[in-house]
Protein chains: 2
Amino acid sequence: MLRQPLLIRNRTLSTNSLAIVGAKVSHIESLDYEINENDLFKQDWRSRSKVEVLQYVFLKWLLAFLVGLLTGLIATLINLAVENIAGYKLLAVVKYIEQKRYITGFIYMAGANFFLTLVAAVLCVCFAPTAAGPGIPEIKAYLNGVDTPNMFGATTLIVKIVGSIGAVSAGLDLGKEGPLVHIGSCIASLLGQGGPDNYRIRWRWLRYFNNDRDRRDLITCGSSSGVCAAFRSPVGGVLFSLEEVATWWRSALLWRTFFSTAVVVVVLRAFMEYCKSGNCGLFGKGGLIMFDVSGVSVRYHVVDIFPIVAIGVIGGILGSLYNYLLHKVLKVYNVINEKGKLHKLLLSLSVSIFTSICMYGLPFLAECRPCDPSLQDVSCPTTGRAGNFKQFNCPKGYYNDLATLLLTTNDDAVRNIFSLNTSKEFCIFSLIIFFALYCVLGLVTFGIAVPSGLFLPIILMGSAYGRLLGIAMGPYTNIDQGLYAVLGAASLMAGSMRMTVSLCVIFLELTNNLLLLPITMLVLLIAKTVGDCFNPSIYDIILELKGLPFLDAHPEPWMRNITVGELADVKPAVVTLSGIEKVARIVEVLKNTTHNGFPVVDVVVPPMGSPNGATELHGLVLRAHLILVLKKKWFLRERRRTEEWEVREKFTSIDLAERGVKIEEVTVTKDEMEMYVDLHPLTNTTPYTVVESISVAKAMVLFRQVGLRHMIILPKYQAAGVYPVVGILTRQDLRAHNILSAFPQLAKFKGSKKGQ
Amino acid sequence: MLRQPLLIRNRTLSTNSLAIVGAKVSHIESLDYEINENDLFKQDWRSRSKVEVLQYVFLKWLLAFLVGLLTGLIATLINLAVENIAGYKLLAVVKYIEQKRYITGFIYMAGANFFLTLVAAVLCVCFAPTAAGPGIPEIKAYLNGVDTPNMFGATTLIVKIVGSIGAVSAGLDLGKEGPLVHIGSCIASLLGQGGPDNYRIRWRWLRYFNNDRDRRDLITCGSSSGVCAAFRSPVGGVLFSLEEVATWWRSALLWRTFFSTAVVVVVLRAFMEYCKSGNCGLFGKGGLIMFDVSGVSVRYHVVDIFPIVAIGVIGGILGSLYNYLLHKVLKVYNVINEKGKLHKLLLSLSVSIFTSICMYGLPFLAECRPCDPSLQDVSCPTTGRAGNFKQFNCPKGYYNDLATLLLTTNDDAVRNIFSLNTSKEFCIFSLIIFFALYCVLGLVTFGIAVPSGLFLPIILMGSAYGRLLGIAMGPYTNIDQGLYAVLGAASLMAGSMRMTVSLCVIFLELTNNLLLLPITMLVLLIAKTVGDCFNPSIYDIILELKGLPFLDAHPEPWMRNITVGELADVKPAVVTLSGIEKVARIVEVLKNTTHNGFPVVDVVVPPMGSPNGATELHGLVLRAHLILVLKKKWFLRERRRTEEWEVREKFTSIDLAERGVKIEEVTVTKDEMEMYVDLHPLTNTTPYTVVESISVAKAMVLFRQVGLRHMIILPKYQAAGVYPVVGILTRQDLRAHNILSAFPQLAKFKGSKKGQ
């Protein structure tokens, strides 16, 4: 049986499910990571002088240095601001409590929190909606090739910094860790483009970074620096980017990223050294170290394997449960937030008030516990800000263990619950309240319109049940309760975020103790495995919720059963241009479509007397370059090809890198409409192509591995009458969800992805 | 100007430079990392039941566990054997020296070393030549897609283990670190295939791992486990694989590799715990920890930046110098080694004798130094095996500092030179002799026919100049001399091996002190940068020397100026098969070519009265599958296509995974020669293709990123008379060196690779 040629295609020109899904998120643009090899590019710097290459290399490292430096400085600033604002707030509250003026104390605290939340929320709502949330999912999408608008601007950066200070100082259940990652990425992006959009430095050297590829590398550096700044964990930062954030990676980038994080660490260390002498107001001596057990000799034996496995399993179950519930809550929040700015604000403020009430009110439920006589007068009870035994409403010599955990900053709460050799400090009742409270707060706080990180809420939740388990295991284990808390936090993070190596290294660098490594590993692996049985990681869930077309690393197995030709058949016909095209046609095409790339097809002089009008694919031209042609009025009166010098006179590679001009902004006169444009010099002559018979699975591997934006489909059957382009595939076409909605019959093959 | 069609190709059928270079290394096969999507594959387990997927996942993790367990156990065994053999040898020598019987002592030591080297060398020379050297370059090549024969067999494994024990115990200047990486990989490979080649376990589940992709993943796990076992550094092991060894990487693999290294660490820890009670003979309490400074508080200030930068620069210069000289030495050694087995043996034995003479003789040059009174009777002088102050030929109360470094195992030497708070122990003269000696030994030892690692020689060399610099900086610095030695070792490793993140983490885990991290980072970055100015890393040099066709991550810039069509033009014409092919033709093709893949071209019923005989590309069939067809005599009497059930009856996916059958082993009768084979069900219908106009740079990115073995070139011009395949590219065709020898004019664009 010989196959029938695929000449007659059943094209559905109307919009269909594939196109509709794509349309819904059309404001999100894909990025051009592929090198656009057109004639102009070939005279670009990359193929030019050694001096320019050295400039590029020097600048690359300088930018990596600056990213690290600025991220470190801003992290310092945020830490200073938070510790001081929250510190003075708590000091005042403690003073009111000492005077038994409980109501005044509450009003003061709730008011301050309300005001701080208001500042953060107003900034986010009015000036930079993209600054809300952690920003990590969007960065992950960016590095996968999806550009969310206004994600890395100067406004976003400033709002993120100020908003983060406000939100964290307001005592909300959120961390500065996620926002720091976003801040690092913003800094990297802004440095790469020479400043904010409207006030860019037009330094000639910076032109090297005016492309998506180098920007991607910079943002990877930025996100690593952010994680490093958040946890003071240079290797962990690099690994976090590698494991969770980045889609493409290479050794050279590993090295540069590492350099950035090394700079961050040096900055943070210098700052801590400086603050040791008390120059930083209330910034405590604990500083950035959450939990230092380097001095402790950890001992554990074979019997300890059982509680460790238990923590891992519980972490996996709770983590996936948290993901599930947070998904539901975020869906509800989305409905509220879409109603308008006022609704967003009110939601944030109600969460703030609820948090204040719980933080202030719940400690009254706890009993006053007597201080250990050996500690008395030294560290128990404390009435100041930091400290492990808060007096709160108790008489002298007594402390309130719940107040120790609640009436403090989140960082101090972590430090307190992680503290070692304090096995009798917290009673079970207080820990249960603490855990329950943070479960509720962790769910309701994340979706509000302020910059918020997920790390800290999860650490707090996890440490609570870890410590509870530690108390329960008390007589049967050698491991300190503080370590149980650490392991609990690690397990919940792995259960929710599904990272392993990077989390392990972050915890290693946080705890500064290598002996913890094997048990941390075990807990993380178990928690991730258990979590993966139920649902995807929290970041994947948020990506899905935001509708970002993230391309997974592995094709689904059923994608082997469909070819790209079949996919192209259900798409609208591909819009192609001729090598030498009429201006009117170009304008028409640009106005009537939203495509970003158009295949260029040439008519070829037929050989050996075969029928006339044979065509061949010349390449792919980008929308941005077409608009540039129209804007520069680079028209020809007759249908001819241009010489190379003509092109060189008209365009520079700097022009080509320009973006964001819209077709509506270009005016073309009626006379000009009749003229021609030679697209050959602008055409990327070597686009990646696939034959229509290739399976979608393989096409997707190619698309993602090479980092494409457009993939041209060639016909399989070779004959004179066949049009040389069957279709064009973009990111949206390759998403499993979109393919399934066009080919529902494929769904029956679903459900065995794990084997890949 | 419309382009002329490329119909008439100027084919050079004779062998040319491209083919010749390829031929030289023709015994090295590429690997099939691409999924072979033929009809049979589609009924393979991957698209089948959930149970089978679960079996696969379970086995994947079980194998990762076993790889870790066995690597850990074998590392333990090697450590035990080395410490005991070398220990008893040294004890006896010390006894002779105590009795002033210096000549007898020397004869004893040289004799023992000679015998141990002999064992190692004879094993390597006669049974497994691939076991000589570190094996890391070959593993790196394997993971890049190049299969070196006999690299991962059972014989290689055993010879590597025994040879490594022998060579290290013989006191040669080499380490067990590199061999451990190879051992880990061998274990992984053997486990994956179910045992040694001749005694495989035919467990059904193992069929899942009978393909190059899963084997690649296993070997990645194995190499990580090896590094982890060598340095007791789980995160470092994973990062080493990631940064230096692996070509393809994904998050899922990160996780599994991490699991393996975690198992290794647990095994090593259990073993050390067991040996603490003295059950392991002379295996000392130092055990596997080379250098533990976790208890020391490291302090450094801004002024210390200068010596640190100096160490980095010196490390970079010395490292690249070492690479340069080692390259020369290896070239000379290659000439000697190629002369025959006896030459190989003699070379190894002369190095052994030379080493013995130096180790024993040089300490006599050093002066006896008085022990510090505070240490006397406690640890100075020591006469046993381990210990920091060797008495050697000195009177009571005195010690010989050079003997401390030389008359000991390499591990102990590292521990001694790294030792802290011993600023007066070593005099400059001794350190200079030590440094010079190890420079010479490091160069002459590496190329001999025993299993040898590069890590330890470099650490020894580096620590010597580090400590020298520490003495020179004495009054101006706060850093201990032991730390200088550590930094020196790190800098030389970075200068020679050009790794950064993984080395940093390995040193972090070796030294167990996070405060060292920023300065280690700085040293490593500087050393690598300086080294990169001069030559490639030592592994790249060895890869080049061995003629392994390693594909770099980045295409050279001049590759943008040549298309794959031009490349195909200088290659012999591509050999294609028809969809339904005569047996005689298949036999002829298989006998007369060495190609491993053949494009399958179908004749298509022409549409709309165009000239008859149009063809289209059906896909690619592998040599292994063709041989299988001949072996199974799956012939048809008439020219027809087969039904699906016929195919399923004949073949299973287990058959398809079979390898290594040669065409010469298959006999086909004369009658059968006239029959037909339907290649359609065996053909990979979705091979990756490129159009002939694509640049080599882009083709190479595709080739490497997707992990191809064959890349089919399609014609650009679409017409009925055009043959649907222009050529086929393999790894050899895309190597820069081969392209340049066919297109010497491209060389002028060379020399600006760094900008990429």
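The numbers here are math on the coordinates, done by the rules we state, and not lab data. Keep in mind the model is a prediction, meaning the values are calculated, not measured. Note that each Cβ is placed from the backbone with ideal geometry, even for glycine, and that neighbours are counted across all protein chains shown.
Results, tabulated for the structure shown:
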{"read-out": "Kyte-Doolittle at least 1.0, axis length at least 18 Å by Cα - qualifying DSSP helices, chain B", "value": "B:50-98, B:102-126, B:154-169, B:251-276, B:305-337, B:341-361, B:428-445, B:455-473, B:481-497, B:517-532"}
{"read-out": "Distance between the stretch B:90-156 and the stretch B:439-501 - C-alpha centres, whole angstrom", "value": "22 Å"}
{"read-out": "Area projected by the alpha carbon convex hull of the stretch A:414-513, averaged over all directions, nm²", "value": "6.8 nm²"}
{"read-out": "Cut-off under 5 Å, modelled amide H: who pairs with residue A:133 long-range", "value": "A:450, A:452"}
{"read-out": "Ranked list, fewest to most other Cβ atoms within 10 Å of each Cβ, for A:225, A:30", "value": "A:30, A:225"}
{"read-out": "Between the stretch A:160-178 and the stretch A:527-553, the alpha-carbon center distance in angstrom", "value": "25 Å"}
{"read-out": "Kirkwood Rh (inverse of mean 1/r, distinct Cα pairs), the stretch A:309-431, angstrom", "value": "17.0 Å"}
{"read-out": "Mean Cα-pair separation over length for chain B, i.e. relative contact order, pairs under 8 Å, 6 or more apart, %", "value": "18 percent"}
{"read-out": "Ellipticity estimate at 222 nm from DSSP helix runs (n ≥ 4, -39,500 (n - 2.57)) divided over chain B, nearest 500", "value": "-17000 deg cm²/dmol"}
{"read-out": "Ranked list, fewest to most other Cβ atoms within 10 Å of each Cβ, for B:563, A:155, B:257, A:593", "value": "A:593, A:155, B:563, B:257"}
{"read-out": "Where labels lie 7 Å past Cα in the beta-carbon direction, separation of residue B:306 and residue B:204 in nm", "value": "7.4 nm"}
{"read-out": "Other-copy label distances relative to residue B:643, 7 angstrom Cα-Cβ extension, nm", "value": "6.9"}
{"read-out": "Ranked list, fewest to most other Cβ atoms within 10 Å of each Cβ, for B:546, B:633, B:50", "value": "B:50, B:633, B:546"}
{"read-out": "Reference-scaled alpha-carbon Rg (2.2 N^0.38 Å with N residues) for the stretch B:483-638", "value": "1.82"}
{"read-out": "Projected area averaged over orientations for the stretch B:48-276, convex hull of C-alpha atoms, nm²", "value": "14.0 nm²"}
{"read-out": "Per-copy distances of the residue B:566 label point, shortest first, in nm (7 angstrom along Cα→Cβ)", "value": "4.1"}
{"read-out": "Spherically averaged projected area in nm², based on the convex hull that wraps the Cα atoms of the protein assembly as shown", "value": "56.8 nm²"}
{"read-out": "Range of Cα positions in the stretch B:29-183 per principal axis (Å), largest first", "value": "78, 30, 20"}
{"read-out": "Cβ nearest the rotation axis (A onto B), residue from chain A and distance to the nearest whole Å", "value": "A:705, 2"}
{"read-out": "Computed log₁₀ I(q)/I(0) - Debye formula, equal Cα scatterers, no solvent, chain B, q 0.05, 0.07, 0.08, 0.09 Å⁻¹", "value": "-0.30, -0.57, -0.72, -0.87"}
{"read-out": "From the C-alpha gyration tensor of the stretch B:302-545, square roots of 5λ in Å", "value": "30, 26, 13"}
{"read-out": "Within-13-Å neighbourhood charge of residue B:351 [Cβ basis; K, R +1; D, E -1]", "value": "0"}
{"read-out": "Other-copy label distances relative to residue B:596, 7 angstrom Cα-Cβ extension, nm", "value": "3.7"}
{"read-out": "FRET efficiency, residue B:534 to residue A:649 (Cβ-Cβ, R0 56 Å, nearest 0.05)", "value": "0.85"}
